[in-house]
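Here's the structure, in structure tokens; my notes come after.
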């Protein structure tokens, strides 16, 4: 098995006397315009599993118990960060640039969520991206801008980070309401359920979730706060890969398993085609305590 690609930079600043790093001017200008329309209620509402925490803002239907058949969301974020320069007696290719270094990133996402059959949904997310993080995304282990990719763009580009199919099997019994977000249609589902998802998405869409710090658009920008810094998960230079995810959810616990492709080279965009030897498996057991 190839080692999974680490999308968080692990290079650290070399020790030096009186090193001071002043990160100033961190400005998050979040422009979020969201449009969502709900068609007639689905006759037999499907079970649905939330992909991520509901931290990502979304317009919800007036009736919290409604079942959505489709939804469209739009989100745009602009981040400006920098530092005024510092003395560095030595530095390397992967060090933070000691001179004046102010950078910006622009992200704009569309999310199309569609119910296609009882228990089945398709999610499609095209994204526009432009910009760089401070130091061209080098020199800091806990990078301060989680909206910055490893591969920056002076001119904006459009790509597809997410395109996947999800199906949920409910086992009956008590139900719960799932609220709408970018990667979740609202609806009532069986608490006891099995979810299968296949396609292109991020490992951290379904693993290493955290109620308070998991989405840089809604909480903390630092990569160490968005995800566990030591979690070395499979991802290309933009943070996404192809994979299959399976989850069994119960009242007090949930068990998750996933298998994902890895890039051909570290932090590259091309996927390694040797699927029988180039992959990553992830397992997670979650216990809930009230």
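So is residue 187 at pLDDT 95 or above, buried (at least 16 other Cβ atoms within 10 Å of the Cβ) and either closer than 26 Å to residue 73 by Cα or under 12 Å from the mean Cα position of the chain (by Cα) (or both) or not? Answer is no for this residue. Condition check for residue 138 on (1) more than 17 Å from the chain's Cα centre (by Cα); (2) assigned to a loop (DSSP other than H, G, I, E, B); (3) at pLDDT 85 or above: one failure, at (3). Figure legend. Inter-residue proximity from the stretch 277-290: first residues closer than 12 Å to residue 254 by Cα, second residues part of a strand (DSSP E or B) and modelled with pLDDT of 90 or more, beta-carbon distance below 6 Å, spacing 6+ or different chains. Indicated pairs: 283/257; 284/256; 285/255; 286/254; 287/253.
Do we have any residue at all in the stretch 247-255 that's assigned to a loop (DSSP other than H, G, I, E, B) and touching a residue at least 60 places away in the same chain (Cβ under 8 Å)? Yes; the residues of the stretch 247-255 include at least one that is assigned to a loop (DSSP other than H, G, I, E, B) and touching a residue at least 60 places away in the same chain (Cβ under 8 Å). Just one of the listed residues (201, 231) is within 24 Å of residue 108 (Cα to Cα) and within 15 Å of the chain's Cα centre (by Cα), namely 201.
When you look at residue 115, is it assigned to a strand (DSSP E or B) and within 20 Å of residue 243 (Cα to Cα), yes or no?
Values: assigned to a strand (DSSP E or B): yes; within 20 Å of residue 243 (Cα to Cα): no.
No.
In the stretch 257-285, of all residues being surrounded by fewer than 14 Cβ atoms within 10 Å (Cβ to Cβ) and in contact with a strand residue (DSSP E or B) (Cβ under 6 Å, 6 or more places away or on another chain), the one that is nearest to residue 210 (Cα to Cα) corresponds to 285.
Could you list, in sequence order, the residues of the stretch 164-179 that are in a loop (DSSP other than H, G, I, E, B), closer than 11 Å to residue 191 by Cβ and touching a residue at least 40 places away in the same chain (Cβ under 8 Å)?
174
Scanning the stretch 152-178 for residues that are buried (at least 16 other Cβ atoms within 10 Å of the Cβ) and within 25 Å of residue 227 (Cα to Cα) turns up 152, 161, 162, 163, 164, 166, 178.
Looking across 53, 66, 75, 100, one residue alone is under 18 Å from residue 162 (Cα atoms) and modelled with pLDDT of 50 or more. It is 75.
Screening 213, 224, 254 for residues that are crowded, with 16+ Cβ neighbours inside 10 Å and in contact with a helix residue (DSSP H, G or I) (Cβ under 6 Å, 6 or more places away or on another chain) leaves exactly one candidate, 213.
The values are calculated or read from the model by the stated rules, or taken from the named source; none is laboratory data. Treat the numbers as computed from the prediction; the structure is a model and nothing was measured. So basically every Cβ, Gly included, is an ideal-geometry build from the backbone, and we count neighbours across all protein chains shown.
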